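The values are calculated or read from the model by the stated rules, or taken from the named source; none is laboratory data. Predicted model only: the values in this text are computed from it and were never measured. Neighbour counts run over all protein chains shown; Cβ positions are idealised from the backbone, glycine included. Heavy atoms of the whole protein, side chains included, go into the accessibility calculation; ligands, DNA and RNA do not. Shrake-Rupley method; radii C 1.70, N 1.55, O 1.52, S 1.80 Å.
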Amino acid sequence: MKNPDVLVDWDFIEQVNVQVSEEPFCPICLERPIAAKMTKCGHVYCWSCILHYLGISEKDFCKCPICSDDVLKNDLKSVQVIAHKTYKLNDFIGFKLMKRPRGCLTAYPVDAVIQPDTSILNISQKNEDNTCSKLFLANKGNILEILDREKDELDCLLALDEGGSEKCFIEEAQHLLEARRLGVLNSAEAHTNEVTNYQDDASCSEFNEASESDFYYFYQAEDAQHIYLHGLNAAMIKHTHGSLKCGPKHLKGRILEKEGGCMTEDIRQKYRYLKHLPVTCQVEFAEICLNEPDVNADTLELYKKQIDYRKKKRQKRLKDEKRRERKIDAEENRKMGIYVSPDLQLENLDHFPDVYTANEMLESRQRTTSDSTFFGHLDVDTTSGQDSPTSNTSLDNAYCGPSFATMLATEKKTSPNQRASAKPITYYSPSSEDFEQKTDYSLTIGDAVAKALENLQEGGASGSGKKKKKKHKLVYSTLMTLPN
């Protein structure tokens, strides 16, 4: 009753209450345990399944199927599974105000009558005021209730397995249950609990009249799970009501964040109100959204910066987790040879604005040589600057210019002087409905440089002896206008 880490003698235990979020399954039959029994190592089995397993061994004991610890038939204890709801983010959760005397391992609701730390509460008191304690006393009536529950489960199992292979082990469990019942009825009922409570009435009044400094006040989940109110919420309630003792007896809010872990000595030193929990116990701290009337407007304004800061941290953590999950998925897909294909559509003009369709490419390949040499079918009138087509070639077909072979043949037939004195020619442009007059600058780089140097020499020879400041002349430029 003083040290939470001290284990209770296994022989004194009648039933173990297991608080879980999910109902356990028998490791042997993989079904829900029927007339569940717990071994000394802490694993839960069906009573008939573990008896069947023990019957295989020639010795009085066998190894646990899970941890290989020794299992004896007399070490099996009754189990009651208490399933709790699993709270997730954005779920609503209720808290109740609890108090625990300093140096005591039992936590009581704030309005409950406190018992002295030398007495163990009866199991019926747990159901009355929802007191949280590690140990409870069971009288003869409580033990008989446990045996009646197990008998009903065994009778149902025997009716379903009539003529099956497990019948003999179910009957063995029934015989053991009746032997235990006779032992309880024949034993003298212990009056230790009643005498202790009677003698300690004065101690009870002293505990209840103790000052506020003799108690720890905290908020715990209403269903007795080890979920406690976050320190930021507790500080807000203290600021509004002056102390946790004067705070609301019940709180309900939406979960914003949960922090949890395993109880250690460091955590017990940091959160002294949790010193009644044993080491390795799983605990969680939930931050909820508090509003009026639980806290006033001044408190919300005072803690606004801290609330916003924690909110930004949660959002950043969520983004980092999503980014990490995407990286993990991409790495797993890469190992399996799965790559994400780009979402591109060939018919989309935004993705491929200048691509030819298959029909257009086929039509361009089927053009004849006369169609590809469009310039040969035009008579250029250099005096009037008007174009007069002399062939029957249709101008309705879109054409982008001469072929590469035609331009090479034309280049070989043209002398450098003719190229230097290039005149504008007229040809059809697909972007316009009429003829366009555009200049064909078909000079090579060497011709352009030679002509520029020649003009520079002529300009220098014709000048007078007096040097004049001349404007800069363009000798060479790479900016050339090419035909479309």
Give me the pairs, please: first residue somewhere in the range 127-139 and more than 20 Å from residue 110 (Cα to Cα) and aliphatic (A, V, I, L, M), second residue anywhere and outside any loop (DSSP other than H, G, I, E, B) and modelled with pLDDT under 60, beta-carbon distance under 9 Å, and either six or more positions apart or on two chains. 137/192; 137/193
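Which of the residues that make up the range 248-270 are among the acidic types (Asp, Glu) and either assigned to a strand (DSSP E or B) or touching a residue at least 12 places away in the same chain (Cβ under 8 Å) (or both)? It would help to see each step written out before you state the result.
Step one: filter the range 248-270 for residues among the acidic types (Asp, Glu), giving 257, 259, 265-266.
Residues satisfying the conditions are 257, 259, 265.
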Which of the following residues is modelled with pLDDT of 85 or more and open to solvent by less than 30 Å² (accessible area, probe 1.4 Å): 182, 177, 158? 177
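Take the residues of the range 271-325 that are among the β-branched types (Val, Ile, Thr) and assigned to a loop (DSSP other than H, G, I, E, B): which is least open to solvent (accessible area, probe 1.4 Å)? First the steps, then the outcome.
Our first condition is that a residue be among the β-branched types (Val, Ile, Thr); within the range 271-325, this holds for 279-280, 283, 288, 295, 299, 307.
Next, only the ones that are assigned to a loop (DSSP other than H, G, I, E, B) stay: 279-280, 295.
On the way: 279: 51, 280: 96, 295: 1 Å².
Restricting to residues being among the β-branched types (Val, Ile, Thr) and assigned to a loop (DSSP other than H, G, I, E, B), the top hit is 295.
Is there a residue in the range 72-85 that is acidic (Asp, Glu) and touching a Lys or Arg at 6+ places or on another chain (Cβ under 7 Å)?
Initial filter on the range 72-85 (acidic (Asp, Glu)): 75.
Right, trim to touching a Lys or Arg at 6+ places or on another chain (Cβ under 7 Å) and you get 75.
Within the range 72-85, one or more residues are acidic (Asp, Glu) and touching a Lys or Arg at 6+ places or on another chain (Cβ under 7 Å).
Tell me, please, whether a residue that is part of a loop (DSSP other than H, G, I, E, B) and under 33 Å from the mean Cα position of the chain (by Cα) can be found in the range 47-64. Before the answer, list the steps.
Taking the range 47-64 as the starting set, the residues that turn out to be part of a loop (DSSP other than H, G, I, E, B) are 57-60, 64.
Narrowing further to those that are under 33 Å from the mean Cα position of the chain (by Cα): none.
No, the range 47-64 has no match at all.
Let's see how each residue does on (1) farther than 30 Å from residue 83 by Cβ; (2) open to solvent by 30 Å² or more (accessible area, probe 1.4 Å); (3) at pLDDT below 90; (4) of a type in the set (Gly, Ala, Ser):
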| position | (1), (2), (3), (4) |
| --- | --- |
| 202 | yes, yes, yes, yes |
| 209 | yes, yes, yes, no |
| 213 | yes, yes, yes, yes |
| 217 | no, yes, no, no |
| 228 | no, no, no, no |
| 236 | yes, no, no, no |
Would you confirm whether any residue within the range 11-33 is among the acidic types (Asp, Glu), within 24 Å of residue 168 (Cα to Cα) and open to solvent by 30 Å² or more (accessible area, probe 1.4 Å)? yes
For the range 74-112, which residues satisfy the criterion of being in contact with a helix residue (DSSP H, G or I) (Cβ under 6 Å, 6 or more places away or on another chain) and either in a loop (DSSP other than H, G, I, E, B) or open to solvent by 70 Å² or more (accessible area, probe 1.4 Å) (or both)? 102, 112
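Out of everything in the range 88-109 that is of a type in the set (Phe, Trp, Tyr) and modelled with pLDDT of 90 or more, what residue ends up being farthest from residue 228 (Cα to Cα)? Talk me through it step by step, then tell me what you get.
Taking the range 88-109 first, the residues of a type in the set (Phe, Trp, Tyr) are 92, 95, 108.
Filter once more, keeping what is modelled with pLDDT of 90 or more: 92, 95.
On the way: 92: 14, 95: 8 Å.
By that ranking, first place goes to 92.
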For the structure I just gave you, tell me whether residue 134 is touching a Leu at 6+ places or on another chain (Cβ under 8 Å), open to solvent by 30 Å² or more (accessible area, probe 1.4 Å), charged (D, E, K, R) and modelled with pLDDT of 85 or more. no
With respect to the numbered conditions (1) modelled with pLDDT of 85 or more; (2) assigned to a loop (DSSP other than H, G, I, E, B); (3) open to solvent by 70 Å² or more (accessible area, probe 1.4 Å), which one is the sole condition not fulfilled by residue 118? (1)
